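Okay, structure first, notes after.
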Amino acid sequence: MKMNISSFSILLFLQFASTVFYCNNAQLARYKFVLQETSYTRLCSTKNILTVNGQFPGPTLYVQKGETIIVEVTNNGRYNVTLHWHGVAQPRNPWSDGPEYITQCPIQPGNTFTQTVIFSEEEGTLWWHAHSDWTRATVHGVIVIKPEAGTSYPFPQPYAEVPIVIGNWWKQDIMQMFDTYVTTKKIPPVSSSYLINGQPGDNFPCSKEDMFRLNVTQNKTYMLRIVNAALENIVFFGIAKHKLRVVGVDGSYTKPFERDYVAVAPGQTIDALFDANQTPDQYYMSLKAYDGGFPFVPLNLITTTAKIQYTGTYTPSVITPSPKLPGHGDKNASINFTSSLRSLNSANVPSTVDKHLMMTLSINMGSCKNNTCAGRGGIGFGASMNNISFVSPKTDLLKAYHNNISGIYGTDFPNEPTYYFDFTGNGLNFSLWKPKYTTEVNVLEYNTNVELVFQGTSLLTATEHPMHLHGYSFYVVGSGLGNFNKDKDPLNYNLDDPPLVNTITVPRKGWTAIRFKANNPGVWFMHCHLEVHSSWGMDMAFIVKEGNSITEEMLPQPLDMPAC
């Protein structure tokens, strides 16, 4: 094959740039993550689960703002896996973002992939997790991002900082459940329990002795770094007789405010301080599941518990005080908490909008191959955005985009719903219940100011949707119940101090508006962080084009990208 001089020069330059970039990585902090099956006992029974380095929850990463680290991921498990660094923008580096068949093919058993994780503006608490099938049920951990050297927190230094990881436990094998319920498109069973730092607490059998306990010293202040790593449900979390002072969300500081509880959706992180200012005793810190559709939506109704224990000599109360948490279906409690979030400093919100997007979020009727759906007439459940149910490709979108491989995806994801109707009304037309199954992306020019309105619907049922965007944090400029009104609702936007987040809960039968500047080139996934909704197709991807200068282009492709 003949190659002209200019083509050869470009290829040589790219190989040189890739070599320089990854050789420089030798000077960075390095971590080894080994995925392996490990035996764990919960709720009186033992099973093997997929873990990182044998730990559940997985290891906590400690970094400084603006740091870059290298994580060598080796898969010694039984299943294909990828890892995602949730909330880390990864500027110009979609190659290490991690969602399966979006930015990479999975790491197959016996193989290794070295990921470069580039931190930029994030500061506070984020997390990492598996991003293939439902493996993140047991493969997840906390990321603590400390202030840059010479700077400090925008609040007094706490006496201690404690990760609080909220998770699920199923007695069943999680991957067998995935195979069964994705194939049949049935609603999967609720988890056997929720967990706080890997433990169900003393309301569950065989769990009292191993319940998580936090020892505290009277008159000291503690920071809880709370991560909801659960596959299902928003949760309410609180500590008996202790106020929680929220100071951060999703790796960004907030104006402090106090509550008796926090509402944390799957994918979200919250930094909250509490003062150990009560009479020395033991106090429950507890969580309960929430869904706005309760009692019509199945939930695990048993409260998960942990304890804070004051140090010193005292006789504990016969009955340990419990926090007063909102009810399982208290929609107002969830909305009121989320609407209280404000950025600490003046927000850099795009004041003008170049591209307006509106996306409906719907639970649909789904169809299955080979008549495997469990519902009547071969119908199961599905999910969609703008009535498109995302079909995962067999070659990752980033490779297809970067290498101009045709036939993998289309570029026709609509900017607005195909049909306008009473989105949150009842008795909707049956013809709207079945989505289109395809792999479509939405293309954004570099530096585009984007406004996106998420609109919940009542097509088959109505529920909350915690929506997560990869590669970006975004400003939540507005939210409300009912159908979004493009003429009236923007008049009430908060453009002064809206929260900067990477995951936001769209209220049941409501809408949420966000803004961001598309200045991070690559392919970036967006999806509901309720795992069953994502599995049913409530996903899409953006392609953000490169800019005109070399600093506005994607970094070189790593040399060890997993093969498909």
Q) Using a probe of 1.4 angstrom, how much of the accessible area of region 417-472 is carbon and sulfur, in percent? A) 51 percent
Q. Straight-line reach from Lys185: which lysines have Cα under 21 Å away, leaving out those fewer than 8 places along the same chain?
A. Lys171, Lys369, Lys394, Lys434, Lys436
Q: Would you mind pulling out the separation of the Cα centroids of region 345-404 and region 532-546, in Å?
A: 5 Å
Q: Mind counting lysine pairs for me in region 230-353? Cα separation below 13 Å, and the two need to be 8 or more apart along the chain or on different chains.
A: 4
**Q.** Summed residue charge, Cβ within 11 Å of Thr125's Cβ, Lys/Arg positive, Asp/Glu negative
**A.** -3
Q: Using every Cα-Cα pair within region 267-344, state what percent have a distance larger than 19 Å.
A: 54 percent
Q.
Quick check on region 21-120: what does the Kirkwood estimate of hydrodynamic radius come out to from the alpha carbon pairs, in Å?
A. 14.7 Å
(Q) Against the 2.2 N^0.38 Å scaling, with N counting residues, where does region 179-232 land? I'd like the Cα-based Rg ratio to two decimal places. (A) 1.64
Q. What's the local net charge at Cys44, with K and R +1, D and E -1, over the other residues with C-beta under 15 Å away?
A. +1
Q. Per the 1.4 Å probe, what fraction of the accessible area of region 265-312, in percent, lies on carbon and sulfur atoms?
A. 54 percent
Q.
How much accessible area per residue does the chain have, counting only protein heavy atoms and a probe of 1.4 Å, in square angstrom?
A. 40 Å²
Q) Percent relative contact order of the chain, based on C-alpha pairs within less than 8 angstrom and at least six residues apart? A) 15 percent
**Q.** With eigenvalues of the C-alpha gyration tensor scaled by 5 and rooted, region 64-185, Å
**A.** 30, 19, 12
Q.
Need one number: the % of Cα-Cα pairs in the chain sitting beyond the 46 Å mark.
A. 11 percent
**Q.** Local electrostatic count, Lys545, Cβ distance below 14 Å [Lys/Arg +1, Asp/Glu -1]
**A.** -2
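The values are calculated or read from the model by the stated rules, or taken from the named source; none is laboratory data. Note that the coordinates shown come from a computational prediction; the quantities given were computed from them, not determined experimentally. Every residue, glycine among them, receives a Cβ derived from its backbone with ideal geometry; neighbour counts consider all protein chains shown. These area figures cover heavy atoms from the full protein model, side chains too; ligands, DNA and RNA do not enter into them. Shrake-Rupley method; radii C 1.70, N 1.55, O 1.52, S 1.80 Å.
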